[in-house]
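Below: one structure, written as structure tokens.
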Amino acid sequence: MRVLLLSFLLASAAIAAPADDSVSLNGKWQIHRIAAGRESRQECTFTQKNNDLTGTCRSDQGTVEISGKVDGKKVTWTYKGQSEGGAVTVVYKGTMDSATKIIGTVSALEYGVEGEFTATQAN
């Protein structure tokens, strides 16, 4: 009888537990960034598996492979690309503002350039 009662209580607790509020970043995102007084846009396609983020970002300069992490509402991703001055490592650090919007900072490490970005999930 105790085992049956315990099983019932555990099942009830599982049903009453709050749902996981993590958001999937899978899909296409439009990135608008402003750095060093210049505005630019990218279209990124993210694939999230657990906390790992992979995918591609496409702009006028071409397509790059990204890798990153998701930690709760914090999102980071990095890629290596080419700029007018040569090779560059670009790092995005953002926070989920909503299920369809990320806001944060972007840095071009080799040049010490920093800026801001907004990412919105494409429909």
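The values are calculated or read from the model by the stated rules, or taken from the named source; none is laboratory data. Being a predicted model, the structure only gives us computed values, none of them experimental. Using ideal geometry, Cβ is built from the backbone for each residue, glycine included, and neighbour counts are taken over all protein chains shown.
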* Asked: Does the stretch 106-115 contain any residue that is closer than 24 Å to Ser24 by Cα, touching a residue at least 24 places away in the same chain (Cβ under 8 Å), part of a strand (DSSP E or B) and under 10 Å from the mean Cα position of the chain (by Cα)?
  -> no
* Is it the case that the stretch 73-92 has a residue that's out of contact with any His (no Cβ under 8 Å at 6 or more places or on another chain), at pLDDT 85 or above and loosely packed, with under 10 Cβ neighbours inside 10 Å? -> yes
* Structure fact -> Of the residues in the stretch 49-70, those that are more than 15 Å from the chain's Cα centre (by Cα), in a strand (DSSP E or B) and surrounded by 11 or more Cβ atoms within 10 Å (Cβ to Cβ) come to Arg58, Ser59, Thr63, Val64
* To do: Report, ordered by the first and then the second residue, all pairs with beta carbons closer than 7 Å, sequence separation of six or more or different chains, a first member in the stretch 36-52 that is of a type in the set (Gly, Ala, Ser), and a second member that is assigned to a strand (DSSP E or B).
  => Ala36/Val113; Ala36/Gly115; Ser40/Arg33; Ser40/Ser59
* Asked: Only one of (1) surrounded by 14 or more Cβ atoms within 10 Å (Cβ to Cβ); (2) among the hydrophobic types (A, V, I, L, M, F, W, C); (3) at pLDDT below 95 fails for Phe46. Which number is that?
  -> (3)
* To do: Determine the pairs where a residue that is in contact (Cβ under 8 Å) with a residue 60 or more places away in the chain and farther than 16 Å from Ile31 by Cβ, located within the stretch 78-89, has a partner that is in a loop (DSSP other than H, G, I, E, B) and not small (Gly, Ala, Ser) with Cβ atoms under 8 Å apart, the partner being 6 or more residues away or on another chain.
  => none
